[in-house]
1. Once amide H atoms are built 1.01 Å from N in the peptide plane, which residues 5 or more positions from W572, or in another chain, come under 5 Å H to H?
2. Ordered by residue, what ³J(HN,Hα) values in Hz, to whole numbers, does the stretch 28-37 give under the Karplus form 6.51 cos²θ - 1.76 cosθ + 1.60, where θ = phi - 60° and Gly and Pro are x?
3. Based on alpha-carbon atoms only, what is the radius of gyration of the stretch 493-605 relative to the globular estimate 2.2 N^0.38 Å?
4. How much length is gained if the chain between L229 and E132 is pulled fully straight, taking 0.36 nm per residue apart and subtracting their Cα-Cα distance, in nm to one decimal?
5. Apply the Karplus parameterisation 6.51 cos²θ - 1.76 cosθ + 1.60, with θ equal to phi minus 60°, to every residue of the stretch 357-373 and state each ³J(HN,Hα) to the nearest whole Hz, in sequence, with x for glycine and proline.
6. Filter K427/K567; K494/K522; K742/K801; K50/K192 down to the pairs with a C-alpha to C-alpha distance above 18 Å, please.
7. Rounded to whole Hz and in sequence order, give me ³J(HN,Hα) for the stretch 735-752 from the Karplus expression 6.51 cos²θ - 1.76 cosθ + 1.60, θ = phi - 60°, writing x for Gly and Pro.
8. Could you tell me how many degrees, from 0 to 90 and to the nearest 10, lie between the Cα long axis of helix 295-308 and the main elongation axis, the longest principal axis, of the Cα atoms of the chain?
Amino acid sequence: MKLRHLFFLAAGLLGSACSTEKVEATNLYQLIPSNTVWLAHVNDWSKVEKAARNSRVYEHLDKLPSLHQISSNWQDLKNTLPSDSLALLKDFPDALLCESLSGAEKYDWLLIAPKNDLKFKTWQKLLAAHFEISSSDYTGKEILKLESKSKLVLYLHYDKDYLLVSPSRIPIENSLRQISNPNNWTDDLNLKNLRQTRNNSAVANIFIHLELANDYLKALYKNAQFDYLQHLGDWAVLDLEAEKQDLILTGLLNHPQEGFNYPEVFNDVHSDNIDASQIVPQNVASWIHLNVGNIGQYDRSYQSYLEANSLLENHQSLVAKLPAGSTDKILGIIDNEMGVFSAGRSNALAFHFAYFNYRDEELCKESLESLADSNFIEGYRAHIVRRIKPLNLLPRLFGRLFAEMHQPFYVLHNNFVIFAEDQNALKVLLNDLLDDKRLYKSSSYQNLVNQLPGKSHIQIVTGFPEWLPNQLPQLKKKAAQELEEKLDSLSEIKWGILQLRVDDKKSFVSLQLREEKAIIEKISRQWTTQLEAKPKGEPQFLTNHLNQKYDIALSDENNHLYLISRKGEVFWNKALDGPIIGSIRQVDIYRNNKLQMVFNTANTLYAVDRLGHDVEGFPVKLPAKATAPLGVFNYDEARNYRLVVPCGKKLLNYDVEGKPVQGWDFKEADDEIISEPQHFSVKGADIIVCLSATGKLYQLNRRGEERFVIDQKIEELKTSFYLKEGESLKESELIAGSNSGKMYVINPQSKVDAVYLDEGHPADHLIYFEGRYIFSNDEELFVKDEKRPFKASFESDIKVKPKAMLQNNRFYVAAFAEGAEEIRLFNEEGKLVDGFPVFAQGPFDMGSLNRDNNLNIVTYSNDGTVICYKLQ
């Protein structure tokens, strides 16, 4: 429910009729239900109105249905109220907005507002035209129910000097019961002291009861536990300010005298600059950093915290299960920083990491190697990867913050030890760090931290574009649906950052949310997925007929075909009898807008549906080995497909039932056919083109008969053809590359020309795209374009064809250099797109997986990791 709408409602009701009779003021805090989790004390309604109108962070938060449910009714209410009633907003006194438990895992808002004597009859007459009003009694108090024609329901209770408003009657009943009962919101001494510190010039003051936060969050999440929040303190009070790009909350977290809360471990610990941003990647989802100062001092204080909370005995029993000397070895190498973060994901599951920095590299290596599994050691990009042998070493020593680290792999990098339970995750992280995609290199992050108050003991960073998708599988169904519907908008809240600086029995808190528009042409790693074996060949984008977005098909070295969702989830993998020759094509066999995949291996013609099942009539065993990829012909777009497979000198033509096509009259080529049969059509005239090993070019009609004959054989011709369309088929030209680096231009009737696109640089790989000639020569990439020709260099030879596409009406071209293990992407001006090159050890496909404004590149590494990059 929009906060400002509740404020407007209250203001309107108060403005409808007032009197000057003086009454003894009710303490509004006495009306707060005892099971209230958080409370907003509004100081200035005009500031609230301005913040809601001008804050872009609020604008995005307001997209959530739970915050937006009253919006459609507000206009009706506004039109009903006298215009001068809204003017009272500027003079409206303090009010409280809180959220409290109103049922099993159900929380509702309650507005508690001060008022003068409100004349019910005047108010009833004002709203009767738009609301059906009924009343009920609760312990002698009248509760009104307002229901509009658009089904907005509000419950109200008014008394001499206060008004209660809620979308449920339960919070109002709880409030009325609370008036004459003890109330922690008025009686708790710690809260009383905190209330004295609030800044009444702020837009609002936010109070949080941490002891109730666990149940509050459990109502949203499936199985998560948040009981650790009550070990941070009992109450927090935060002053809210709003700027165009930021929501800022600053204040205090209280640590009660009678307890020992975890932040107090950092008392007397020197807070310092944070170096760990060097080993956290830019696509970080969440990051919790501890500035422990002197590790020995921290550990002694941590032990005291455990003892004070009756946790020490259990801790000591867990540590006793570790190999002798483990504690001393780990504490002996840690310097002053430690923490955890999550970044990237595979199969929709986030990658988790832990780290600490070390004082002495040789001592660190020696100590960790003594705790490592001697049967595992691996090298990756000049780093040694090992694995910790003792089970739960880090969580037993340092607590639940490190709970994900059971038997983690680890690597040393930039004076830090980095741990990950998933070896693949560690490699993905190293790729980012070695490509210099480190958080401290992000100008966006640096601009944010430069505005923060200063050094802290605990820092928590949330990268919302990465963090929000990670929450979807953890949330309960309704909450997950709400989030998914508005994910794009909420992802424009780029950062959340919380800092705690501990001082005796309180911690100074700074929390900031920042909205930031996507940076044009900024690449990020969107997800990774692990295959069962090393990938082979090129990834390929395929249309998903269920949502009209793209999935990815990719094979591995064991000849398993995988179908992967646009989010990185593996739908299935299917064993084939050999490697796929060429690419996969999609057809609509049943003419019902459901697509199937067709492809061939050397021995078999396959047709597979999107569930990985063979289509009826397939697979078809070929009578001879295929010598080239199949061609798929959809004459006149009638979906009466022909599947044409080159097998030696034969061209075998099958229909979508897997049966030979009658009337196909291709006899036999002069030698093996080595190219995919390609179908071109110009103004209703057709031609089917394929090439034999001797360089004989066959140009066929739909029956397989030669339509045009070229006597010249071109043995050096390469096997992919492009059509440069003319006024007619006879005036069109076929374009192909060659082994000599010349481009051949072939008129279907007979004329053949061969030219070098660049005299000094023969074309190793050539494509023709949207009027542009694109080719590579060794380590250089060339784009021949009348308007914007350009040349670009790579660190090693380009050994596969470049790829080009149009995205948002802009031209992009990319190529893969295997020796340099990189992909480079260039825009139409010939400029390397910001964030490139990116790491890759295999070819790629590119396009927009979501068919939106974002460009994706999908590639892989040799260890079986499929990598999806996203260009915004």
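1. Here the answer is L563, since their amide H atoms fall under 5 Å of that of W572.
2. 4, 5, 5, 8, 6, x, 5, 9, 6, 8
3. 1.71
4. 30.6 nm
5. Working through the residues one at a time gives 8, 10, 8, 9, 5, 5, 5, 4, 4, 5, 5, 6, 4, 6, 9, 8, 6 Hz.
6. K427/K567; K50/K192
7. Those phi angles translate into 10, 8, x, 8, 5, 7, x, 7, 9, 9, 10, 10, 7, x, 7, 3, 6, 10 Hz.
8. 50
The values are calculated or read from the model by the stated rules, or taken from the named source; none is laboratory data. From a predicted model like this one, the values you see are computed outputs, not experimental measurements. Heads up, the Cβs are rebuilt from the backbone with ideal geometry, glycines too, and the neighbour counts pull from every protein chain shown. Just the protein is used for accessible areas: all its heavy atoms, side chains included, with ligands, DNA and RNA removed. Shrake-Rupley method; radii C 1.70, N 1.55, O 1.52, S 1.80 Å.
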